[in-house]
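A short worksheet on the structure shown next.
A short reminder: the numbers here are calculations on the coordinates, not readings from a lab. Note that the structure is a prediction, hence the values are computed from the model and not measured. For neighbour counting, all protein chains shown are included, and Cβ atoms are generated from backbone atoms with ideal geometry for every residue, glycine included.
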Amino acid sequence: MLRIIALGGYAEMGRNMTAVFWNDQGVILDCGLHLENYIRLTEEDDLKVMSTKLLQQEGAIADLTPLGKDRKKILAIVPSHAHLDHIGGLPYLESKFDAPIICTPFTAAVLRGMVGDNKSGRGGNGRGELRNDIITVQPGASHKLTEDITIEFIRATHSTPHTATIAIHTPDGVVIYANDFKFDLHPTLGPKPDFARLKALGKAGVKAFICESTYSNLEQRMPSESIAKQMLEDILLGLDHKNKAIIVTTFSSHIARLRAICDCAKKIHRTPLIVGRSLSRYIAAAEECGITSFKDAEVVRYSSKAARRLRKVLAEGKEKYVLVVTGHQGEPRAILSRMVSEQIDWRFDPNDCVIFSCKVIPTPTNEANRARLESRLRDFNVRFFKDIHVSGHAAREDLREMLTMLKPEHLFASHGDKKMQAGLASLAAEEHMQKVHLLANGGQMELA
């Protein structure tokens, strides 16, 4: 018998975590942070040493209470990809289980970097290490967990490398977990989605599909990352930035976007200077896994060095660099906010260029932080460009295509608030699906 337990990310955005059981054998899918609640506590989106109990009280990580005694039956923790709302809870919660962490190589490298940067001993060994082993599986490959359960990592496209759609194969059917994905036919880094495998699974029969619902109400096909690359080129290559600073901020995990920015910098004969700990961590992971190289860029990891290096940029000439910095959501402790608030010695001149290669994640904290940041930038009379971005999430027509391919018996709407879940349910109704489940955190369902 199959059983699904919603632990996080149901009827909310963030702290994604789901338990799937076949009889007495359980698998945890994702273990993320609720970034809105986390940033409210820390004023940044990077991990730091904090009490697990406090994070649970503030709703920043999942509450494991619904698992009860079944917590001891968990045989594996399987993150789908390396975003913090999917892996950020692991340093705080993985020691609650006696189970390996099974994930793709890039996700593993990011996770090791996160823990290594925080020598807190949360893993229980006093050295800031994880208690459980990490097992890496290449995208497109499988791992036999027990005689009854095999975990398959299906290639997906998203806004960070080595994202996988997870298939859990059991004697009572296949459970597929797609948090997050989009169907990018023209990715700028890495392969296309494995449509053939998804169709084969659908033809064989899918018992349950746990699917993100974030953009279920956006009636379009999500554009390719190649469109975002073109948007960057239009600004960086198509406008006159002579003697002016160029500062770009984007998601630290978006390796394809960072690579595109560096390529543009080279074309205008500027050195890419990447500043910020989270940026350096994801870049190091990408290079470790052989995904791409940033040898053409200078990477500054720590805040103390960042201040000195930016002073040197002013002395050498801002026109020689393209700065890539943390702070795309206006986080108060990120590099861009500290430059604007003069906590870092930096001079903004009129018509300097600031590019937000991102969208504001629509939460009250982010919206307030970005409003403050943009107001200060306007005071400096800089030129700034917002929303130079395409999402890594499936829109309604991508979701429709996935449902058509998989034809699941049961559909669970995850990774979204109630309105988003309802949007996925309405789409399922259009496709004549009968068994659609809108769980909230703590809810569970047995599948006969």
Unit charges on C-beta of K, R, D, E only; dipole of region 84-230, Debye: 260 debye
Under 11 Å, Cβ to Cβ, from ASN179 - net charge with Lys/Arg +1 and Asp/Glu -1: -4
From DSSP H assignment alone, runs of 4+ in the chain each adding -39500 (n - 2.57), the sum over residues rounded to the nearest 500 puts [θ] at 222 nm at -9500 deg cm²/dmol
Peptides 299-312, 394-407: what's the order by average Cβ count within 10 Å, highest mean first? 394-407, 299-312
Which one, LEU273, LEU258, VAL313, projects farthest toward the positive side of the charge dipole computed for region 258-320 from Cβ point charges (K/R +1, D/E -1)? VAL313
Within straight cross-link reach of LYS203, meaning Cα distance under 13 Å, which aspartates and glutamates are found once same-chain residues fewer than 8 apart are removed? GLU409
Under Karplus coefficients 6.51, -1.76 and 1.60, residue-wise ³J(HN,Hα) of region 255-271 in Hz, glycine/proline x: 5, 4, 5, 4, 5, 5, 4, 5, 4, 5, 4, 4, 5, 9, 6, 10, 8
For a quick check: sort ARG277, ARG112 by the number of other beta carbons within 10 angstrom, fewest at the front. ARG112, ARG277
Which shape class applies to region 47-106: rounded if a/c is under 1.5, otherwise prolate when a/b exceeds b/c and oblate if not, where a ≥ b ≥ c are the square roots of the Cα gyration tensor eigenvalues? oblate
Given points 7 Å out from each Cα along the Cα-Cβ axis, report the ASP345 to LEU239 separation in nanometres with one decimal. 2.9 nm
Assign one of three labels to the chain, namely rounded, prolate or oblate, based on the Cα gyration tensor with a ≥ b ≥ c the square roots of its eigenvalues; rounded applies when a/c is under 1.5, prolate when it is not and a/b is larger than b/c, and oblate otherwise. prolate
Could you list the GluC sites (Glu not before Pro) in region 1-75 that lie in coil according to DSSP, counting only those with at most 16 other Cβ atoms within 10 Å of their Cβ? GLU43, GLU58
If you line up the long axis of helix 303-316 against the longest principal axis of the chain, both from Cα atoms, how many degrees apart are they, to the nearest 10? 40 degrees
Would you mind checking the tilt of helix 195-204 against the longest principal axis of the Cα atoms of the chain, expressed as 0 to 90 degrees and rounded to 10? 20 degrees
Within-11-Å neighbourhood charge of ALA108 [Cβ basis; K, R +1; D, E -1]: -1
Determine the dipole magnitude for the chain: charges of +1 sit on the beta-carbon of Lys and Arg, -1 on that of Asp and Glu, nothing else is charged, the reference point is the Cα centre, and the result goes in debye to the nearest 20. 1100 debye
Of the listed links LYS96/LYS182; LYS359/LYS419; LYS199/LYS435; LYS229/LYS305; LYS229/LYS295, those spanning more than 24 angstrom between alpha carbons are LYS96/LYS182; LYS229/LYS305
Roughly what angle does helix 418-430 make with the longest principal axis of the chain, taking Cα atoms, 0 to 90 degrees, to the nearest 10? 60 degrees
Proxy exposure order for THR250, THR188 (fewest C-beta within 10 Å first) is THR188, THR250
Reachable aspartates and glutamates, given that their alpha-carbon falls under 12 Å from the alpha-carbon of LYS69 and they are not under 8 places away in the same chain: ASP24
